[in-house]
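The structure appears below as structure tokens.
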Protein chains: 2
Amino acid sequence: MKKKTTIYDIAEKLGLTAATVSRALNNNTKISLNTRKLVLDTALEMNYEQNKLALALKSGKSYNVGVIVPRIDSNFFSSVIRGIEEELYPKGYHVIICQTHNQENIENEKINSLVNVQVDGILMSISNANLEENKGFNKLLKNKKTPLVFFDRKKDIKGISSVTIDDFKGGYDATKHLLDQGCKRIAHLSNDRNFEIFRNRYLGYKQALSDNGIEFDESLVIETQSNVLDGRRVARLLLDMETPPDAIFSSSDFAALGAIQEIKESGFNIPEDICVVGFSNEPFTRFMELTAITTVDQFPLEMGRTAAQVFLEEVSNTGDTKITKNVVLTPQLIIRKSSLKHKEG
Amino acid sequence: MKKKTTIYDIAEKLGLTAATVSRALNNNTKISLNTRKLVLDTALEMNYEQNKLALALKSGKSYNVGVIVPRIDSNFFSSVIRGIEEELYPKGYHVIICQTHNQENIENEKINSLVNVQVDGILMSISNANLEENKGFNKLLKNKKTPLVFFDRKKDIKGISSVTIDDFKGGYDATKHLLDQGCKRIAHLSNDRNFEIFRNRYLGYKQALSDNGIEFDESLVIETQSNVLDGRRVARLLLDMETPPDAIFSSSDFAALGAIQEIKESGFNIPEDICVVGFSNEPFTRFMELTAITTVDQFPLEMGRTAAQVFLEEVSNTGDTKITKNVVLTPQLIIRKSSLKHKEG
DNA sequence: TATTATGTTGTAATCGATTGCATATAAACC
DNA sequence: GGTTTATATGCAATCGATTACAACATAATA
């Protein structure tokens, strides 16, 4: 009911000016110690709380950052967000969450919307491989004051920072591991390679093959959505081939799971007949009892933390030259049963 | 580099007043159609975007809502948040995320912090069973203008809305199901029963026992943290009893998983020797191949959506009397292998 | 022609805090 | 005692938008 107390209320009560009260609250040395103490005490007594909106308007800083992800209810993204929140909150920032559901128009809209509410920066994992064609995005780009940091799904744009993992290495290590297991016909469940992450995993896969004298076979690479159902669909295609593969490296844990289900139901054994490796280290890959899934850990918590740190560096940079950082984290292959033919592996 | 255009810029360019421009942009009929069109066109041309901070300061509405959860990287909470975001964004609200990690002081601090940035409401799942003792919380309570909605972990406080599931029924159904399987010595992994959710699951468990002529045995109820490790610890205790239980109903999927691991490693079979039921329907409970875990679905997405709707009703309520809604969703028992002794079950 | 109504725009206060500049008081110095 | 200097506070503009009220011009009416 009763309005919040403002510096004017305090000023009036003490027969001072709002200016003096403001300075006193900010511990400005121009104000005498007596007055400062008096104001502080009265503020406490009157339950004064600074109106951050007014401050934001005056200073141009909202102390909000926007985070845009395809969806929040996947372990990877929620872990990244966790990292971001934990890193930014102690510095006074709040985190605003937006989901795109992989729809470009929604992504567009949310970028605009965040810019509109004067966020101090945006951390995002892109949903649109052609982000540069976005009006909202370009507006953001031009406005160099608001830092933009990509994580995971990034676009290689000059002057924009990013935090990713070395997807090439992830793909390479996964494939190399399968080769070490004696696999010769390794299929790859890829995804839209307009996205760097999928392109790089694919390139790592190819390189590992080439480095080990295996000829690349285009028919073994299939574009697959990152979900269980599509994993099944694609596994079916592979199993129906004249010579089915003896291993699958999937860009997604979910697709890997679908593939495993389809393979098992078709009477094949994992890893004996077909080895499977996923990507992301989703929790369920560990908990599967019969065939815990070999996968690549992306360290999402660290990714979030790092992205937040890069943002902090950029906002605190008052110089004229913009700093751009492109941090690449190292992924880790986690070997589990789904690909382990030899116990000593 | 170049500043954002404001209504003053437009006004100056057109030889008008900011007031007129403001009205024109808001399609006020007091402004002539000609001027309105002129202003609108010029605004477009000059890339004008309304400064929401200024608006927020003037109107007292920030169009931000705060969401406080113990942690975001669990499927349950991230799904709730997904529901909240999807429901609120179309109404113009942004969602600010805060985590407490179950620490009371952090919860306190974050409540204060959110109130400070003038959120229009707070949706939260409490981390402190004695929330009423919080200063920050009480401040929020007194300020009836800012709606507060509890979800899942609530506190029964007069005048505060909530969205929960019927935890009593969840506990009852789970226990009843175990009884139907022929189990007679059913242990319960509970948790801090100062929280309503855990108390109610416990009470449902007790009621089911009593309704079916099984005497309640206090030694079979153990307070357990909601994680795998503590599940193992507690399972060990139960297995070491003179007469171990023939079933476990756990308030947490994670503890259930730990228990299952411990039980199996001790040479017992699930469900033949011991049946296990969890709570929450975390994704991994479904993916476990040998012993997919029977659990209780809490419909987190719907819970989030509903909580958001309750919030919207409260903010749009301009009347003098506050509406309080306590929505209780119905949980669903999902029977899987970990508790299914009889195929026809 | 004087008066009222109507439509359109301007004036200025407001939201709450910050800050450059001016000013008043008191202390210090010659 | 008069002038300088330090200290403490006030004045007023600013951030960007909204809005009650005033004011003006024009058209309609008596």
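The values are calculated or read from the model by the stated rules, or taken from the named source; none is laboratory data. Everything numeric in this text was worked out from a predicted model, so none of it was measured. Heads up, the Cβs are rebuilt from the backbone with ideal geometry, glycines too, and the neighbour counts pull from every protein chain shown. To get the accessible areas, we keep the full protein, side chains included, count just its heavy atoms, and leave off ligands, DNA and RNA. Shrake-Rupley method; radii C 1.70, N 1.55, O 1.52, S 1.80 Å.
Sorted from largest to smallest, which semi-axis lengths in Å does the alpha carbon gyration tensor of the stretch A:214-345 give for its equivalent ellipsoid, taking the root of 5 times each eigenvalue?
The equivalent ellipsoid of the stretch A:214-345 has semi-axes of 37, 17, 13 Å.
Please tell me which of these pairs span more than 25 angstrom C-alpha to C-alpha: B:LYS154/B:LYS337; B:LYS184/B:LYS337; B:LYS4/B:LYS145; A:LYS52/B:LYS144; A:LYS110/B:LYS325?
B:LYS154/B:LYS337; B:LYS4/B:LYS145; A:LYS110/B:LYS325
Rank A:GLY182, A:GLY92, A:GLY204 by mean-square fluctuation in a GNM of chain A with C-alpha springs under 10 angstrom and give only the top-ranked residue.
Comparing A:GLY182, A:GLY92, A:GLY204 in a Gaussian network model of chain A, the most mobile one is A:GLY92.
Mind computing the radius of gyration and Dmax over the alpha-carbon atoms of the stretch A:120-189? Å is fine for both.
17.2, 53
Could you tell me the ratio Rg/Rh of the stretch B:123-249? Both radii from Cα atoms, Rh via Kirkwood.
Rg/Rh for the stretch B:123-249 comes to 1.08.
Using +1 at the C-beta of Lys and Arg and -1 at the C-beta of Asp and Glu, which of A:SER125, A:ILE84, A:VAL221 has the Cα lying farthest in the positive direction of the dipole of chain A?
Checked the options; the winner is A:ILE84.
Length gain on complete extension for the stretch A:SER210 to A:ASN138, per 0.36 nm per residue less the alpha carbon to alpha carbon distance?
22.0 nm
On a straight-distance basis, which aspartates and glutamates could pair with A:LYS13 in a cross-link, Cα separation under 19 angstrom, same-chain partners fewer than 8 positions away excluded?
A:ASP41, A:GLU45, A:GLU49
Using a probe of 1.4 angstrom, how much of the accessible area of the stretch A:7-50 is carbon and sulfur, in percent?
50 percent
Considering the options B:GLY231, B:LEU290, B:ILE274, tell which one lies farthest towards the positive end of the dipole of the stretch B:180-323, charges being +1 on Lys and Arg and -1 on Asp and Glu at the Cβ, about the Cα centre.
Checked the options; the winner is B:GLY231.
To the nearest whole number, what is the average tally of beta carbon atoms from other chains within 10 Å of the beta carbons of peptide A:45-53?
Counting Cβ atoms of other protein chains within 10 Å of each residue's Cβ and averaging gives 4.
Given A:ILE10, A:LEU33, A:ALA43, which one lies farthest toward the positive end of the charge dipole of the stretch A:7-50, if we put +1 on the Cβ of every Lys and Arg and -1 on the Cβ of every Asp and Glu?
A:LEU33
Give the long-range amide H neighbours of B:ALA187: residues separated by 5 or more places, or on another chain, with amide H under 5 Å away, using H modelled in the peptide plane at 1.01 Å from N.
B:ASP246, B:ALA247, B:ILE248, B:PHE249
Using only alpha-carbon positions, what ratio does the radius of gyration of the protein assembly as shown give when scaled by 2.2 N^0.38 Å?
1.08
Scan chain A and note any complete DSSP helix (H) whose C-alpha atoms cover at least 15 Å along its axis and whose Kyte-Doolittle average is -0.5 or more.
Going by DSSP H runs, the hits are A:33-45, A:75-88, A:228-239, A:253-265, A:300-316.
One quarter of the convex hull surface, Cα atoms only: what value does that give for chain B in nm²?
Approximately 23.2 nm², given one-decimal rounding.
Can you list the residues in the stretch A:280-313 whose accessible area drops by at least 10 Å² when all protein chains are present, compared with the chain alone? Use a 1.4 Å probe, heavy atoms only.
With the partner chains in place, the stretch A:280-313 has these residues losing at least 10 Å²: A:PHE284, A:PHE287, A:MET288, A:GLU289, A:LEU290.
Given the C-alpha centroids of the stretch A:1-67 and the stretch A:214-239, what is the distance between them in whole angstrom?
Comparing the Cα centres of the stretch A:1-67 and the stretch A:214-239, I get a distance of 62 Å.
Can you list the residues of the stretch A:1-39 whose accessible area drops by at least 20 Å² going from the chain on its own to the full set of protein chains, with a 1.4 Å probe?
A:MET1, A:LYS4
What number, rounded to the nearest 500 deg cm²/dmol, is the helix-based mean residue ellipticity at 222 nm of chain A, given -39500 (n - 2.57) per DSSP H run of at least four residues and division by all its residues?
-13000 deg cm²/dmol
Can you give the accessible area buried between chains B and A, summed over both chains, with a 1.4 Å probe, in Å² to the nearest 100?
That pair hides around 5000 Å² of surface in total.
To the nearest 20 debye, what is the magnitude of the charge dipole of the stretch A:7-50 about its Cα centre, counting +1 on the Cβ of each Lys and Arg and -1 on the Cβ of each Asp and Glu?
Here the stretch A:7-50 has a charge dipole of around 280 debye.
Assign unit charges at the C-beta atoms only (+1 for Lys and Arg, -1 for Asp and Glu), then state the dipole size of the protein assembly as shown relative to its Cα centre in Debye, rounded to the nearest 20.
3480 debye
According to a simple spin-label model (label point 7 Å from Cα along Cα-to-Cβ), what is the distance in nm between A:THR17 and B:ASP273?
Those two pseudo-labels are separated by 8.2 nm.
Residues of the stretch A:70-99 that become at least 40 Å² less accessible with every protein chain present than in their own chain isolated, using 1.4 Å: which are they?
A:ILE72, A:ASP73, A:SER78, A:ARG82, A:GLU85, A:TYR89, A:HIS94, A:ILE96, A:ILE97, A:GLN99
Sorted from largest down, give the three principal axis spans of the alpha carbons of the stretch B:10-154, whole angstrom values.
Extents along the principal axes, in whole Å: 60, 32, 21.
Rule-of-thumb check for the stretch B:7-50: C-alpha Rg over 2.2 N^0.38 Å?
That ratio works out to 0.96.
Would you give the gap between the C-alpha center of the stretch A:142-198 and the C-alpha center of the stretch B:100-157, rounded to a whole Å?
So the separation of the two Cα centres works out to 40 Å.
Of A:THR295, A:THR321, A:THR35, which is the most mobile in a GNM of chain A whose springs link Cα atoms less than 10 angstrom apart?
In the Gaussian network model the winner is A:THR35.
Check which residues have an amide H placed less than 5 Å from A:SER162's amide H, if you skip close sequence neighbours.
A:PHE150, A:LYS325, A:ASN326, A:VAL327
Dipole magnitude of the stretch B:31-171 about its Cα centre, charges +1 at Lys/Arg Cβ and -1 at Asp/Glu Cβ only, in debye to the nearest 20?
Charge dipole of the stretch B:31-171: 580 debye, to the nearest 20.
Taking 0.36 nm per residue of separation and subtracting the Cα-Cα distance, what length does fully extending B:ASN26 through B:ASN47 add?
5.9 nm
Under a 1.4 Å probe, what is the accessible area of the protein assembly as shown per residue, stated in Å²?
45 Å²
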